[in-house]
Protein chains: 4
Amino acid sequence: MKGFAMLGINRTGWVEKEKPAIGAYDALVKPLAVSPCTSDIHTVFEGAIGDRKDMILGHEAVGEVVEVGSQVKDFKPGDRVIVPAITPDWLSIEVQKGFHQHSNGMLAGWKFSNFKDGVFGEYFHVNDADMNLAYMPDDIPLESAVMLVDMVTTGFHGAELADIELGSSVAVIGIGPVGLMAVAGAKLKGAGRIIGVGSRPVCVEVARFYGASDIVNYKEGDIVDQILALTDGKGVDRVIMAGGGAETLEQAIKILKPGGVVSNVNYHGSGEYLSVPRVEWGCGMAHKTIRGGLCPGGRNRMEMLADLVRYGRLDPSKLVTHVFHGFEHVEEALMLMKDKPKDLIKPVVIIEK
Amino acid sequence: MKGFAMLGINRTGWVEKEKPAIGAYDALVKPLAVSPCTSDIHTVFEGAIGDRKDMILGHEAVGEVVEVGSQVKDFKPGDRVIVPAITPDWLSIEVQKGFHQHSNGMLAGWKFSNFKDGVFGEYFHVNDADMNLAYMPDDIPLESAVMLVDMVTTGFHGAELADIELGSSVAVIGIGPVGLMAVAGAKLKGAGRIIGVGSRPVCVEVARFYGASDIVNYKEGDIVDQILALTDGKGVDRVIMAGGGAETLEQAIKILKPGGVVSNVNYHGSGEYLSVPRVEWGCGMAHKTIRGGLCPGGRNRMEMLADLVRYGRLDPSKLVTHVFHGFEHVEEALMLMKDKPKDLIKPVVIIEK
Amino acid sequence: MKGFAMLGINRTGWVEKEKPAIGAYDALVKPLAVSPCTSDIHTVFEGAIGDRKDMILGHEAVGEVVEVGSQVKDFKPGDRVIVPAITPDWLSIEVQKGFHQHSNGMLAGWKFSNFKDGVFGEYFHVNDADMNLAYMPDDIPLESAVMLVDMVTTGFHGAELADIELGSSVAVIGIGPVGLMAVAGAKLKGAGRIIGVGSRPVCVEVARFYGASDIVNYKEGDIVDQILALTDGKGVDRVIMAGGGAETLEQAIKILKPGGVVSNVNYHGSGEYLSVPRVEWGCGMAHKTIRGGLCPGGRNRMEMLADLVRYGRLDPSKLVTHVFHGFEHVEEALMLMKDKPKDLIKPVVIIEK
Amino acid sequence: MKGFAMLGINRTGWVEKEKPAIGAYDALVKPLAVSPCTSDIHTVFEGAIGDRKDMILGHEAVGEVVEVGSQVKDFKPGDRVIVPAITPDWLSIEVQKGFHQHSNGMLAGWKFSNFKDGVFGEYFHVNDADMNLAYMPDDIPLESAVMLVDMVTTGFHGAELADIELGSSVAVIGIGPVGLMAVAGAKLKGAGRIIGVGSRPVCVEVARFYGASDIVNYKEGDIVDQILALTDGKGVDRVIMAGGGAETLEQAIKILKPGGVVSNVNYHGSGEYLSVPRVEWGCGMAHKTIRGGLCPGGRNRMEMLADLVRYGRLDPSKLVTHVFHGFEHVEEALMLMKDKPKDLIKPVVIIEK
């Protein structure tokens, strides 16, 4: 089979591989729609997870089951499925501790295009199929469904970790696709005022669609000053970090009220430290909580998110600005994520014929 | 001053009283808009809280500050304010324990038309004004603002106590005004499917507006059977009890999945017991949690709820089906709540000239 | 192999069966120590779970691994292990929802002597061995270790569900072995005053050892009256139900402060309903939360509990009043649980030679 | 009246002042026992809170009520009382948000020897007496009671913020008096293994008394290496920071498992930043939560802590290594905290005659 792969750091290309073999609990899936992620760019062009040789890229897909292992009960060839980016080993002690994302090691619930071939192949392997696949409802378009597997679950996890109360004011730093879903997630968790921090017009418009009541543009001045000015110097109840570099933590603490929460869902790929400003952190005494975590994956999560789409609570389609048809466009779509043209939020490649 | 009062059980009428005297931390407020509540009906016509003599009725109001005590810092005569139905004694040990609703005794945070004269007077008294009043934003219509003080905070508390997760399925039993706000609250907390249980067409229509995806009519069969049928026999993740009698707890447990939560915000005025069905409660082992509580009051709550209206998260105006102009219509409005005509959800009396 | 079994309702006896076959993820274990449970009595003599034919009894054991399936990684023959009473299917959607106890159905995480042969056999079968076994530390005596698998995890779960704060006052209704562990658990979670409700002198003495500061004897009067008298009419912050019948819920609500929690870990085997008294439940408004759940099982739980013993936080040995040596004494031990002599808390049968 | 004061940075001395005037809700209290705190040293000799002129020092006291305002209901002259170091304005919006410590501003619940004269005077002023005083039980020695007001509530808050589960492994960095109470608090919240980090023999011995199972001495090597070695490279479930400088946060993250919590109750007086190490924080994705907060104060907290002493859950007296008799010894006691002789944990001055 063919796949679009990282050949090594800074090098991508098509590779020919054997179809993955599956075990008793696994499934073989062919993609119906895939989407490249900024993480794929970090992986290939920044070496964020180290070198890899001929590893097929991609971790965002919905697909069709082609083959299942002997112990798989709920899925059969032909089933159309949502495939979460995070596919944990459910038989691991970390699951018992409540953190499937870290099954068998910190962040190790993330397998596709990290420890094993990703979803940009003609076929891909899914472990624990009954636990890691979810039926894709017929009435959700492929473009929307493929947003659930990473963008929605990640952005929403930012809102969940932020522990939003009804009416809380929330600042979302970064309004790329994850940040936009953090905005939508904050609205869905009951936020009142939502301040989005970003600059690209295409994102600003969609941020307002998803619930941002204010936009702060970092190109127009220090965001700490701007947000304090908007809030009479008081700051906000919650901050979600969904973009920017290591400096965002300092900004987040500075705009946060005592008793507030900072929640990070941005992958920090560089810098030795994130800095907590001592004075604004109340010399350690301000009850400003700092959280951050990899998005939840697995079947139940995907079913819950799909229900939000089915019952009209969320329309993820506004994230998708570019749609390609045909597997061969995966490369082009990936390069869009690298080049970030002005009108891009997320590209999707529809493979279904 | 004049007020519309409970003269005794089953008897109402206008009374003439002295304007309330205020202490150092208190305020005197005149109502700008009031709304009668089903509780007023229970109080007068069912003797739910026992007998009262010439007690002015009403606990739902927004108003204008007329006078403040010497220690009041944040409000002054002329300020337009939201007045929560629950006005706790903030200097009480229960506040320190996290339950202001029960300040100085179970449910004793509820004072208006319970322990003291209510808001259906030309003036009324507010204790701890800096803690129990909130500025009313100019851009919220009076009809909407007066819904915040009880209907919204109560219905939303149902959603809060239910501990809804993103995508949870929720049944709301009862879709009167509190139940409708439980529907809206469930949506705001991230529910997926929301099943409203009710029968009156006016309420059904508004329930759909606020987010109900399904309606179950108890006149068309047992609601337990109907909801199990709708959910492939599995039941729902959460149940909010916002209407009905003591029997609703049994129904709620029967339609709830293991690990689920029942949340009650309905005032149960009759019956010796609510019954928990042993088998469906897993013989005590099913992790089906039962909660219930009086709505939060106080200033911060009102400010948070007002923000939800200001930032477009909630439009409470759909609750208001009947609007009267003039203080003298309070009696007429109250009787509407008693008679419940077909097209009624909530009446409001606008007093402002 | 031999096993002591329920032959049918009200009939017990030794049976001869094939050694259980194990699958790829399973283990075969031989018991080193077992303990009969009141549930075994309910099962056989009250038909609590319905009829069973020749089902080997028992769900409390520690043992030695005899054989493991091909996919078991962490255990091998000869390993000495703690075997939780609750051995869930970890590949189930309920695990993803946070309730392994209800994997594949309400209470269905309980398999031994319920859906399959229990631990009173020469050998028994353990599903998902890597997830459901825990190494038994050498320095924990067998008598103590076998208390962890049900008595400790159940009693402690009562304390966990009760959401105890530092200094909370707690009443524990029932001071049999589960109730005693609820007392110990309440102390370990930081309770201040702990009121144990019971009457048997052997239990009273041990309750004081585990942390009860007061004892209320139901034979000396109504326990509601007694506990209200002890607490100046205010009641307690938390109640754990670890014994008694359906009437305990009513008592629990009556002695609970507003904002409090009732937590049930007693298996309620009879009665159609448990009753919530309307008035004392604040007409549904008192924020008196009611919880109840089957004890956590699985490997991580056993490791955490074993650590509590290893680090001197808990000495479960005081629960064990009768020790037998030799597998053949299982019947005698079980009958003790039925007859409940005056000096009994729990019997243990040591099988190791 | 006389008081021992900060005359300015680096200067202390006795001053003569008017007795404080009290308002309607306040009380005037004379100390029965006081204890100097490291914070007093930071205040005077490091200028931690800026300059102060003739401000009476001290915030740890138990005392006797001398006079009460007209609105004080529960206390009267002659009552013996526990006086929390944190005495919030209970009529503040932050109380409604659940953070009384930050009433009217970040950390502003701390008043004594910060915004107003402290407790090292012949008399001192207590705001909101009914809310900020607690009866001192007769059976608690003064030395123990005075430990509750800051050391116990602070150390225990470290354990509370750490969200300890039954059996969690906990490292406590710093085993001065606050750290020792964090050890005791961790044990009271159900920790299994507790690793204390410190070096002074007097503290090591008392740490073991309060529940430390292991001691790591930072003088014997890097504490991160030592703790990882003790835990097979896995680290611990929870870390409480109760001493050390800004570098402790980095250490804490490095020894923490994914899904863990770091809880800070150390006042960080210097450095611009605390540093979160990016890689060990899982690039922002490890679910390693960071919390920190000022200790709870107020009446309810003191009553709950006093109950822990009354019911034998805690013996704070082991913290007190030096006892003086007579008010005039306040200076000597304070200087002990500055000089930290080898055998010191905490000094107490008993004033009662």
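The values are calculated or read from the model by the stated rules, or taken from the named source; none is laboratory data. This one's a predicted model, so the numbers in the text were calculated from it and none came from an experiment. Cβ atoms come from the backbone with ideal geometry, glycine included; neighbour counts cover every protein chain shown. Ligands, DNA and RNA are stripped out before the accessible areas are found, and what is left, the full protein with its side chains, is counted by its heavy atoms. Shrake-Rupley method; radii C 1.70, N 1.55, O 1.52, S 1.80 Å.
A straight Cα-to-Cα reach below 19 Å connects residue A:219 with the lysines A:254, A:340, A:342, residues fewer than 8 places away in its own chain not being considered.
Scaled against the 2.2 N^0.38 Å expected of a compact globular protein of N residues, the Cα radius of gyration of the protein assembly as shown reads 0.92.
Peptide D:181-190 has a mean of 3 when you count, residue by residue, the C-beta atoms of other protein chains within 10 Å of its C-beta.
Here residue C:76 is the anchor, and the aspartates and glutamates within straight C-alpha reach of less than 14 Å, apart from those fewer than 8 places off in the same chain, are C:26, C:64, C:67, C:128, C:130.
Here residue D:46 yields copy-to-copy label distances, from shortest upward, of 3.6, 6.1, 6.2 nm, the label point defined as 7 Å from Cα along Cα to C-beta. Rounded to the nearest 100, the interface formed by chains D and A buries 3700 square angstrom of accessible surface, both chains summed, with a 1.4 Å probe.
Count Lys and Arg as plus one, Asp and Glu as minus one, and take only other residues whose Cβ is under 11 Å from that of residue B:153; the net charge is then -2. Under 5 Å between amide hydrogens, built in the peptide plane, is the criterion, and for residue C:32 it picks out C:62, C:63, C:64 among residues at least 5 positions away or on other chains. Within the shell defined by Cβ-Cβ distances under 11 Å, the residues around residue A:323 carry a net charge of 0, with Lys and Arg each +1 and Asp and Glu each -1. Chain B comes nearest to the axis taking it onto chain A at the Cβ of one residue; that residue and its distance, in whole Å, are B:189, 3. When only the Cβ of Lys, Arg, Asp and Glu is charged (+1, +1, -1, -1), the dipole of chain A relative to its Cα centre reaches about 520 debye. Inter-part distance, region C:193-210 to region A:1-77, computed on C-alpha centroids, equals 60 Å.
Copy-to-copy label distances for residue A:9, where each label lies 7 Å from Cα along Cα-to-Cβ, are 4.7, 7.3, 8.4 nm in order of increasing length.
Evaluate the relative contact order of region B:1-152 (contact order divided by residue number), counting alpha-carbon pairs under 8 angstrom at least 6 apart; express in whole percent. Over region B:1-152, the number comes to 30 percent.
Computed from backbone phi with θ = phi - 60° and the Karplus coefficients 6.51, -1.76 and 1.60, the 3J(HN,Hα) list for region D:77-94 is x, x, 5, 8, 9, 8, 10, x, 4, 9, 10, x, 7, 6, 8, 8, 5, 5 Hz; x is used for glycine and proline. Projecting 7 Å from Cα along the Cα-to-Cβ direction, the label point of residue D:340 sits 4.7, 5.8, 7.1 nm from its equivalents in the other copies, listed shortest first. Take chain C and mark each of the GluC sites (Glu not before Pro) that is in a DSSP loop with at most 11 other Cβ atoms within 10 Å; the longest unmarked stretch, sites excluded, is C:19-271. Between C:178, C:279, C:65, the GNM of chain C built on Cα springs shorter than 10 angstrom shows C:279 fluctuating the most.
Taking Cα centre as origin and charging only the Cβ of basic (Lys, Arg, +1) and acidic (Asp, Glu, -1) residues, the dipole magnitude of region B:62-152 rounds to 320 debye.
For the protein assembly as shown, the solvent-accessible area with a 1.4 angstrom probe is 33 square angstrom per residue. Helical runs (DSSP H, four residues minimum) scored at -39500 (n - 2.57) apiece and divided by the length of chain B put the mean residue ellipticity at 222 nm at -7000 deg cm²/dmol. The mean number of partner chain beta-carbon atoms within 10 angstrom of a residue's beta-carbon across peptide D:269-282 is 6. With Cβ to Cβ distances under 12 Å as the rule, what net charge do the other residues near residue C:202 carry (K, R +1; D, E -1)? That works out to +4. Peptides D:76-84, D:6-14, D:260-268 ranked from most to least packed by the mean count of surrounding Cβ atoms within 10 Å: D:260-268, D:76-84, D:6-14.
Placing unit charges on each Cβ (+1 for Lys and Arg, -1 for Asp and Glu) gives chain D a dipole about its Cα centre, and among D:293, D:142, D:42 the Cα reaching farthest toward its positive end belongs to D:293.
In chain A, a dipole from Cβ-located charges (positive for Lys and Arg, negative for Asp and Glu) runs towards its positive end, and of A:199, A:72, A:169 it is A:169 whose Cα lies farthest in that direction.
In region D:186-334, a dipole from Cβ-located charges (positive for Lys and Arg, negative for Asp and Glu) runs towards its positive end, and of D:263, D:275, D:190 it is D:190 whose Cα lies farthest in that direction.
Taking 0.890 mPa s as the viscosity and 25 °C as the temperature, the Stokes-Einstein diffusion coefficient of region D:192-294 based on its alpha-carbon Kirkwood radius rounds to 173 µm²/s. Taken residue by residue and averaged, Cβ atoms of other chains lying within 10 Å of the Cβ of A:256-264 number 4. Taking a cut-off of 13 Å between Cα atoms, list the aspartates and glutamates near residue D:17, but don't count ones fewer than 8 places away on the same chain. Partners found: D:54, D:117, D:122.
Are any of the pairs A:288/B:189; D:234/D:257; C:2/C:53 more than 18 Å apart by Cα-Cα distance, and if so, which? Where the Cα-Cα span goes over 18 Å, the pairs concerned are A:288/B:189.
Using a probe radius of 1.4 angstrom, the carbon and sulfur fraction of the accessible surface of region B:230-325 is 44%.
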